1. Assigning unit charges at the beta carbon (Lys, Arg +1; Asp, Glu -1) and nothing else, what dipole magnitude in debye, to the nearest 20, does region 62-176 show about its Cα centre?
2. Sort the following peptides by mean Cβ neighbour count (other Cβ atoms within 10 Å, averaged over residues), highest first: 100-106, 167-173, 88-94, 144-150.
Amino acid sequence: MLKTINYTCRFIIIIVFVVLASNYVHIIENKSYSDNINKNVNLSTMALKVDEFKENDIYSAKDTYTGDLTGYVYNCPLCNGTLGCMPSYYIKDGTTTYNDDIYGQVRIVASSSNLPCGSIVRFTTSRVSDSEVYAIVLDRGVRGNALDLLSPSLDYALNIGRSVITYDVLREGWGK
């Protein structure tokens, strides 16, 4: 009697397995595949989409410049302790960064009027960091394509010295 029950249970398990397996195979067979070789690709539309993606990508360079990079402190001899673009932004406590709504915590640089206030730039130099530096133009006082990085101390500014860098403009002015 026990052998009959054992065989019956095995038989039921095998039947359940076969039913489930056949349903699974049926599901796979119902997938449709398109082997149509007459596919049209509108390259003009694709190119416009790529351009639109680049315009909306906040890390794509809008322009690239080469200029001198120097460092400065808020109380330098020709500085009055305020920023040219945001005179009320307090930097006399050694603040050298700004929290931008889009780019997050970025360094502060001075630029000529070639770059509007609020512009975001990206550059790399081992004198400042081993990784890319993101900075916002919040001050004036330099000429041409030069950038002046707001530094926490005179020693830090002197360590930057004067070097030629290439930098990318990621945003021109506030929110553009």
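Computed from the coordinates by the stated procedures, all read-outs in this text should not be read as laboratory data. Just so you know, these numbers come straight off a predicted model, no measurement behind them. Glycine also receives a Cβ, built like all others from the backbone with ideal geometry; neighbour counts cover every protein chain displayed.
1. Here region 62-176 has a charge dipole of around 200 debye.
2. So the peptides 100-106, 167-173, 88-94, 144-150, ranked by packing, come out 144-150, 167-173, 100-106, 88-94.
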